[in-house]
1. Taking the residues in region A:58-83 that are under 13 Å from the mean Cα position of the chain (by Cα) and open to solvent by 20 Å² or more (accessible area, probe 1.4 Å) as candidates, determine which candidate is nearest to B:ASN59 (Cα to Cα).
2. With within 13 Å of chain B (Cβ to nearest Cβ) and on the phi < 0 side of the Ramachandran plot as the only criterion, which of A:LEU75, A:LEU46 stands out?
3. Of all residues in region B:55-92, which are closer than 21 Å to B:SER24 by Cβ, part of a loop (DSSP other than H, G, I, E, B) and charged (D, E, K, R)?
4. With the requirement that a residue be of a type in the set (S, T, N, Q) and under 14 Å from A:SER8 (Cα atoms), what does region A:85-109 give you?
5. Mind listing just one residue for me: the one in region B:32-54 that is within 12 Å of chain A (Cβ to nearest Cβ) and in a loop (DSSP other than H, G, I, E, B) and, of those, least open to solvent (accessible area, probe 1.4 Å)?
6. Only one residue in B:ARG15, B:ARG73, B:ARG9, B:ARG63 is in contact with a helix residue (DSSP H, G or I) (Cβ under 9 Å, 6 or more places away or on another chain), touching a residue at least 24 places away in the same chain (Cβ under 8 Å) and open to solvent by 20 Å² or more (accessible area, probe 1.4 Å), so which one is that?
7. Being facing another protein chain (nearest Cβ under 10 Å) and either in contact with a helix residue (DSSP H, G or I) (Cβ under 7 Å, 6 or more places away or on another chain) or open to solvent by 60 Å² or more (accessible area, probe 1.4 Å) (or both) is the filter here; which residues of region A:9-43 pass it?
8. Suppose we filter region B:15-31 for residues that are within 25 Å of B:GLY62 (Cβ to Cβ) and not in a strand (DSSP E or B); how many remain?
Amino acid sequence: QKEVEQNSGPLSVPEGAIASLNCTYSDRGSQSFFWYRQYSGKSPELIMFIYSNGDKEDGRFTAQLNKASQYVSLLIRDSQPSDSATYLCAVNGNNDMRFGAGTRLTVKP
Amino acid sequence: KAGVTQTPRYLIKTRGQQVTLSCSPISGHRSVSWYQQTPGQGLQFLFEYFSETQRNKGNFPGRFSGRQFSNSRSEMNVSTLELGDSALYLCASSLEDSGYNEQFFGPGTRLTVL
């Protein structure tokens, strides 16, 4: 079992729809959870982080964390073509960061 | 505030050679982590340095090493290069020693081993 798992996609949504990205992790001691966006040929860019159970909203982005289920998700509301990228889930435990393989999102105009 | 910088941006080497990559963190950031990214393996953690000390190390052979200087700049060295070392090497910096570890990535160094 991989430590951080994501659906590889591709996930395709129409412009204006909600994109839902999911991530599960295996280490129950994990403390912090991150979502990065990576455009093709670029380095990852931090878009959201969450430490506590529940929801955290930042603009069009909402991160959701459920530590009991070892599950973290990212919702993108009003998806735009510029949101088309690979989204990486990262989990921090024991001071090292573990990344999922990423979910490729395509937002179609 | 300037972001994380990495040099060089591109590098071509041949098998058996060694290479040194450099990373300058965001001003005030004391932790520097290194990652290898390949299409097949994704982002893999190499090691993390904090206050000139290696704090964590991933599952890579001893050919991969690093160090951090007193100004928090970090270097990564790969000796006896192999074809499989071709990858994007990313460095990320974070502010302080904490479990939360919000990391900011540099643009990466694209290493090609021929």
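1. The initial filter retains those residues of region A:58-83 that are under 13 Å from the mean Cα position of the chain (by Cα), namely A:61-65, A:71-76, A:83.
After this cut, where a residue has to be open to solvent by 20 Å² or more (accessible area, probe 1.4 Å) as well, the list is A:61, A:64, A:71, A:75.
Working: A:PHE61: 33, A:GLN64: 30, A:TYR71: 25, A:LEU75: 32 Å.
My answer is A:TYR71.
2. Working: A:LEU75 fails: within 13 Å of chain B (Cβ to nearest Cβ).
Just one listed residue meets the conditions, A:LEU46.
3. If we filter region B:55-92 for residues that are closer than 21 Å to B:SER24 by Cβ, which is where we start, we get B:55-56, B:64-78, B:87-92.
Applying the additional criterion that residues be part of a loop (DSSP other than H, G, I, E, B) yields B:69-73.
Across region B:55-92, the qualifying residue is only B:ARG73.
4. The first filter runs over region A:85-109 and keeps only residues of a type in the set (S, T, N, Q), leaving A:86, A:92, A:94-95, A:103, A:106.
Those that are of a type in the set (S, T, N, Q) and under 14 Å from A:SER8 (Cα atoms): A:THR86, A:THR103, A:THR106.
5. In this case the residue turns out to be B:GLY40.
6. Values: B:ARG73 fails: in contact with a helix residue (DSSP H, G or I) (Cβ under 9 Å, 6 or more places away or on another chain); B:ARG9 fails: in contact with a helix residue (DSSP H, G or I) (Cβ under 9 Å, 6 or more places away or on another chain); B:ARG63 fails: touching a residue at least 24 places away in the same chain (Cβ under 8 Å).
None of the others qualify; the one that does is B:ARG15.
7. Result: A:GLN31, A:GLY41, A:LYS42.
8. Looking only at that region, the number is 5.
The values are calculated or read from the model by the stated rules, or taken from the named source; none is laboratory data. This structure is a prediction, so every number in the text was calculated from the model and none was measured. Heads up, the Cβs are rebuilt from the backbone with ideal geometry, glycines too, and the neighbour counts pull from every protein chain shown. These area figures cover heavy atoms from the full protein model, side chains too; ligands, DNA and RNA do not enter into them. Shrake-Rupley method; radii C 1.70, N 1.55, O 1.52, S 1.80 Å.
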